[in-house]
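Structure record follows, encoded as structure tokens.
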Amino acid sequence: MKRFAVIVFLMPMILRAESSTTLEFTKFATALEHKFALYGWHDLKVNSIAWEYYRKSGLNNPLFFRVFGNDGSNATVFLGGVHGDEPAPVYILTKLALFLQDHPEYYRDRQIVIAPLVNPDGFLAAKPTRTNSRGVDLNRNFPTRDWDKFASQQWKRNERAAKRKFPGTAAGSESETKFQIALLNRFSPLKIVSIHSPLGFYDYDGATSDLERLGKWLKEIGRETDFPVNKFKVYPGSLGNYAGVERSVFTITLELPSSDPARANDYYDLFRQSFIRLVESTYPAIGSR
Ligand SMILES: [Zn+2]
């Protein structure tokens with residue numbers, strides 16, 4: 001009798017927690033699809049993907065991702081929408097998630113994690129912003145070893161304190177930065193692919209020093225695109241510095257040639273095969289953990 005009373009007492013709480021979470025995400029998905037429609041994207045049903053989320057952005061939007069496959073020995077993490085004013089990557093990765101959902105053959109013996117919109121607040125703003133809602137450039141906010149000493153100094157000197165590249169007041173201060181770090185800690189990926197725009201190249205950060213060989217490999221991976229491979233300089237607080245340089249994770253930044261939302265579907269068609277090859281790849285320099 002006593003146990004029954006406890007169950008009866010707890011049940012409504014459990015049910016309420018679950019339904020409010022679902023309702024919360026449905027509301028968010030509606031806002032997202034509204035934004036997508038403004039960009040002319042009508043083929044992405046956000047709610048038809050089984051996203052997970054445990055964290056929220058500064059404005060309380062879900063920081064969501066989807067995991068495909070169980071074999072964590074070869075995991076690839078895709079990140080998009082880090083800069084809210086670069087819409088095409090959000091389209092590409094949401095569409096890739098929809099594609100993978102129907103094609104389990106691509107992740108039977110590996111794991112793919114997709115976080116298509118790391119900065120929902122910047123993306124959903126009436127006038128989208130590179131930074132998050134607190135004005136921080138999330139690709140300058142990772143807690144790299146050089147952050148305390150150089151992040152603010154380089155921002156003032158090299159960027160002339162441009163607001164859109166503000167690194168924050170402390171390393172790793174932002175919930176969206178913590179979200180990305182949590183993904184890296186949880187999945188320990190062999191490879192990270194972060195998609196930006198509009199510079200039109202591949203950038204690599206990681207352990208290998210044989211850039212010639214890497215360049216050949218990337219040319220094979222991205223054969224449709226024939227993009228140059230840059231070894232761009234790293235910044236205090238950038239993902240390439242944090243994951244590639246400091247943790248030796250094979251980190252590719254794909255800079256799409258434009259931010260034009262009308263070209264997002266073309267880019268998806270162009271890069272999908274490259275992504276599949278990259279996920280499958282056993283390039284030796286990626287190594288093992
Ligand atoms: Zn960017």
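Things to note:
- Share, in percent, of DSSP beta bridges within the chain that are antiparallel, nearest 5: 40
- Angle between the chain longest axis and helix 211-221 axis [Cα atoms, degrees, rounded to 10]: 50
- One compactness figure for the range 161-289 is 1.09, namely its Cα radius of gyration divided by 2.2 N^0.38 Å.
- Most fluctuating residue given options 85, 210, 71, as computed from a GNM of the chain linking Cα atoms under 10 Å: 210
- Among 157, 66, 263, 55, a tally of other beta-carbon atoms within 10 Å of each Cβ gives an order, fewest to most, of 157, 55, 263, 66.
- Using R0 = 25 Å, the C-beta based FRET efficiency linking residue 272 and residue 231 works out to 0.45.
- Where only DSSP H runs of four or more residues are counted, the chain gives -12000 deg cm²/dmol as its mean residue ellipticity at 222 nm, each run worth -39500 (n - 2.57).
- Rounded if a/c under 1.5, otherwise prolate or oblate - the range 44-203, Cα gyration tensor axes: prolate
- Contact order relative to length of the range 46-286, as percent, for alpha carbon pairs under 8 angstrom and 6 or more apart: 23
- Put in order of Cβ neighbour count within 10 Å, fewest first, the listed residues 144, 208 become 208, 144.
- Most fluctuating residue given options 214, 93, 239, as computed from a GNM of the chain linking Cα atoms under 10 Å: 214
- Over 26 Å between alpha carbons, listed pairs 35/95; 149/231; 56/163; 165/233; 165/231; 156/219: 156/219
No value in this document is a laboratory result; all are computed from the given coordinates. These numbers were taken from a predicted model, which means no experiment stands behind them. Cβ: placed from backbone, ideal geometry, glycine included. Neighbour counts: every protein chain shown.
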